[in-house]
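Colleague: Have a look at this one before I ask anything.
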Amino acid sequence: MVQLELDVLVRKILRHSAFMHSVAVLCVQLPAMFKAETRLVRAMGDFGAFSIVVSATAAAATGDGTFNLASVQSQVVRLKWASSRRVRALVEWLEWAGSVRKAAPSGDLRKRPWYITGWLQATIDALLELFLTVTHPWRMPDFLTTIATQMSMFLANLNQMMQTTANWTVWSSESRLFANHVAGFPILLDLLRACMEANWPSAGVFFSRKALAKAYNISRAHVTKILAQAERLGVVRRRDAFVVIASSAKVNVLRDIAYQFAFLLSAFMICQPNPRTLEG
């Protein structure tokens, strides 16, 4: 999908009456998943880790059920999403956490097969289910059947789209700032939810750094660092424990969420036996 087609789909999503409801569901359920399974914060809590897991999952889904370090490194390092050292370190931690396991060694250790198992596979399935829910207003009737029978193709399409759009200027600096920090994007959704539920008060919303740190099993200093950087860039304003999202940041973050929906819908669409347009 070229950027122009994706932009058209995003505008359609933003204009839809169900969009803000879908955003509200996402803001509740995605952070809840990270809080319920804090290992997920380490495994997929920032964009670098997320890209590693998506690349590995796509490779496993489209091949013999395995991935190897060399294939994942060749993708994420080339696109500067993560270093080769981080790929290796995360995979080794995932093995320790019981979510991947290695096959018998043979030759180049970078090409040794790994299997995705346990809670990580279950979490990936749950994330997909969540995004199926929030994109429901724009899905074709046969999407569920397609996903059930074409899961490997969908994951391959999603991974390919991430690579294709890596240099597009579709993501705002606001979302990039949060997504580049561990637990940053779920924290951004927590803030967005608080503002939405309070009807965007000019005085801001109460936002406890201590509670966030405890919920995501991260340090309070880490939460403070994220909010301080956001304040320096004009994304938020802070007054004691109250935080206000800047109007421009609100618009940009909502647009970024619409792009996420469009990415998933496009990946679903390509899986169809007779692909139809979603832009009309």
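Colleague: Would you point out the residue of region 80-97, among those that are surrounded by fewer than 14 Cβ atoms within 10 Å (Cβ to Cβ) and farther than 17 Å from Thr66 by Cβ, that is nearest to the chain's Cα centre (by Cα)?
Modeller: Checking each candidate, the answer is Lys80.
Colleague: Please go through region 35-76 and give me each residue that is more than 16 Å from Leu94 (Cα to Cα), out of contact with any Ser or Thr (no Cβ under 6 Å at 6 or more places or on another chain) and assigned to a helix (DSSP H, G or I), ordered by number.
Modeller: If the condition is that a residue be more than 16 Å from Leu94 (Cα to Cα), out of contact with any Ser or Thr (no Cβ under 6 Å at 6 or more places or on another chain) and assigned to a helix (DSSP H, G or I), then Lys35, Ala36, Phe47, Ala58, Ala70, Ser71, Ser74 are the ones that fit.
Colleague: Scan region 106-116 and tell me whether some residue there is aliphatic (A, V, I, L, M) and either part of a strand (DSSP E or B) or buried (at least 18 other Cβ atoms within 10 Å of the Cβ) (or both).
Modeller: Yes, some residue in region 106-116 is aliphatic (A, V, I, L, M) and either part of a strand (DSSP E or B) or buried (at least 18 other Cβ atoms within 10 Å of the Cβ) (or both).
Colleague: Then there's this: Taking the options Ala241, Ala267, Ala211, name whichever one is at pLDDT 90 or above and either hydrophobic (A, V, I, L, M, F, W, C) or more than 19 Å from the chain's Cα centre (by Cα) (or both).
Modeller: Ala211
Colleague: Here's another thing I want to ask about it. Among the residues of region 22-56, which ones are crowded, with 21+ Cβ neighbours inside 10 Å, within 26 Å of Arg139 (Cα to Cα) and more than 12 Å from the chain's Cα centre (by Cα)?
Modeller: Once the filter is applied, which keeps residues that are crowded, with 21+ Cβ neighbours inside 10 Å, within 26 Å of Arg139 (Cα to Cα) and more than 12 Å from the chain's Cα centre (by Cα), region 22-56 yields Ser22, Cys27, Ser55.
Colleague: Still on this structure, I have one more. Would you check if Met1 is among the aliphatic types (A, V, I, L, M), within 24 Å of Phe268 (Cβ to Cβ) and either at pLDDT 95 or above or in a helix (DSSP H, G or I) (or both)?
Modeller: No: the conditions fail for Met1.
Colleague: Quick one: what pairs do we get from region 240-261, first residue hydroxyl-bearing (Ser, Thr, Tyr), second buried (at least 21 other Cβ atoms within 10 Å of the Cβ), C-beta under 6 Å, 6+ apart or different chains?
Modeller: Tyr259/Val10
The values are calculated or read from the model by the stated rules, or taken from the named source; none is laboratory data. Computed from a predicted structure; not experimentally measured. Methodologically, a virtual Cβ is constructed for each residue, glycine included, from the backbone with ideal geometry; neighbour enumeration extends over all protein chains shown.
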